[in-house]
1. Please work out the Cα convex hull volume for the range 142-207 and give it in Å³ per residue.
2. If you restrict to DSSP beta bridges whose two residues both lie in the chain, what percentage is antiparallel, to the nearest 5?
3. Return P(r) of the range 59-184 (all Cα-Cα pairs; 5 Å bins starting at 0; whole %; ordered from short to long distances).
4. Going by average Cβ neighbours within 10 Å, how do the peptides 43-50, 89-96, 118-125 rank, with the highest at the top?
5. Pull out the extension gain between A101 and E217, defined as 0.36 nm times the separation in residues minus the alpha carbon to alpha carbon distance; nm, one decimal.
6. Mean-square fluctuation check for the chain, GNM, Cα pairs under 10 Å: which of V14, V174, V126 is largest?
7. Order these by the 10 Å Cβ neighbour count, fewest first: M12, M170.
8. Relative contact order for the range 114-190: what percent, with Cα pairs under 8 Å and sequence separation of 6 or more?
Amino acid sequence: MEQPGEIKKVSMAVIKRLPKYYKCLGELLRKNAERVSSQELSKLLGFTASQIRQDLNNFGEFGQQGYGYNVSQLYKEVSKILGLNTSHKMILIGAGNLGQALANYTGFTTHGFNIIAIFDTNASLVGRKIKDIPIYHVEDMEYFINKNDVDIAVLTVPRDETEKIVKALMKTGVRGIWNFTPAEININNTNIVVENVHLIDSLLTLSYHINESWLQERLLKQKR
Ligand code: NAI
C-alpha cells in the first residue's frame with residue numbers, strides 16, 4: 001500500500017498518453033475552452049471516456065461529476081506531472097546533421113527545454129555557434145555539466161562513440177539522456193533516466209498501416 005509522501009507508480013501506458021493530454025488541453029486553451037468532459041476528450045483523443053477518467057485519477061481528483069474538467073486547471077496539473085513547471089537545461093553532444101537540426105528547432109524552448117551548449121570533437125565546428133548556442137570540445141563536457149547544473153544530455157553522436165560519452169555522463173549530475181543513437185544504453189544502478197528516440201520505428205508503423213489499408217482495399221475489390 002502507498003505510504004504518505006510516497007510517489008504513486010504510474011504505468012508506462014499512462015505516461016505515454018500524458019503528452020497527448022497535454023497537447024489536446026493546450027489546443028483547447030488556445031480556443032478559450034473553459035471546461036471539457038471526458039466524453040469530449042474521448043472524441044478528441046480517441047481513448048474511451050472511462051480510460052481518460054482512470055488515467056487522470058492516477059494523479060488526483062481533477063474532474064467533477066456533471067461539470068467535467070476545468071481546462072486551465074487540468075492543463076496546469078498535467079504540465080506539473082510532466083515536469084514542465086520548471087525549465088530544463090540541456091546540452092547536445094554531436095553537432096552533425098541531426099544535432100544541428102535539433103539545435104535549430106525552436107519548439108523545445110516553448111516547453112522550457114533550453115539547449116545551452118553543444119559538444120563535438122570536430123575542430124572545424126568547435127568555437128562556432130548554432131543559433132547563439134556555443135559549440136565546445138567534448139573534453140570540456142563534464143566540467144560544463146557540473147558547473148551549469150545541466151539536467152538533460154541529448155546524444156547525436158555516431159553509434160560507436162555512445163558508450164564513451166555515456167561513461168563520461170555517468171560521472172556528472174545529469175538526470176536524463178535523450179538518446180537518438182542506435183546504440184543500446186545500459187546504465188543500471190544510476191539515477192539517470194534514458195529515453196530512446198528512433199524515427200525508424202514511427203516510419204515502420206506508418207508502413208504497417210499503409211500496407212494494412214492496401215490489403216483491405218485489395219480484399220474489397222476481390223469481393224466485388
Ligand atoms: P553526423 O556524422 O552528421 O554527426 C555526428 C557528429 O558527432 C559529428 O559532428 C561528429 O564530429 C560528432 N562526434 C563524433 N564523435 C564524437 C564524440 N566522441 N563526442 C562528441 N561529438 C562527436 O551524424 P548524424 O547523421 O547527425 O547522426 C548522428 C546520430 O544520430 C547517429 O548515431 C545516427 O545513427 C543517429 N540518428 C538517429 C535517428 C533517430 O531516429 N533516432 C535519425 C538520424 C540519425
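Nothing in this text is a laboratory measurement; each read-out follows from the coordinates by a stated rule. Since we're looking at a predicted model, the values are computed, not measured. Virtual Cβ from ideal backbone geometry, glycine too; neighbours counted across all protein chains shown.
1. Details: hull volume 5.9 nm³, N = 66.
It comes to 89 Å³ per residue, whole-number rounded.
2. Numbers: 5 of 26 bridges.
Antiparallel bridges make up about 20 percent of those DSSP assigns within the chain.
3. Histogram of Cα-Cα distances, whole percents per bin: 2, 10, 19, 20, 16, 10, 6, 6, 5, 3, 2, 1, 0.
4. Taking the mean over residues of other Cβ atoms within 10 Å, the ranking is 89-96, 118-125, 43-50.
5. So the chain would gain 38.0 nm between A101 and E217.
6. Result: V14 has the largest fluctuation of those listed.
7. Numbers: M12 7, M170 14.
The order, fewest Cβ neighbours first, is M12, M170.
8. Numbers: 86 pairs, mean separation 19.7, N = 77.
Averaging sequence separation for qualifying contacts and normalising by length gives 26 percent for the range 114-190.
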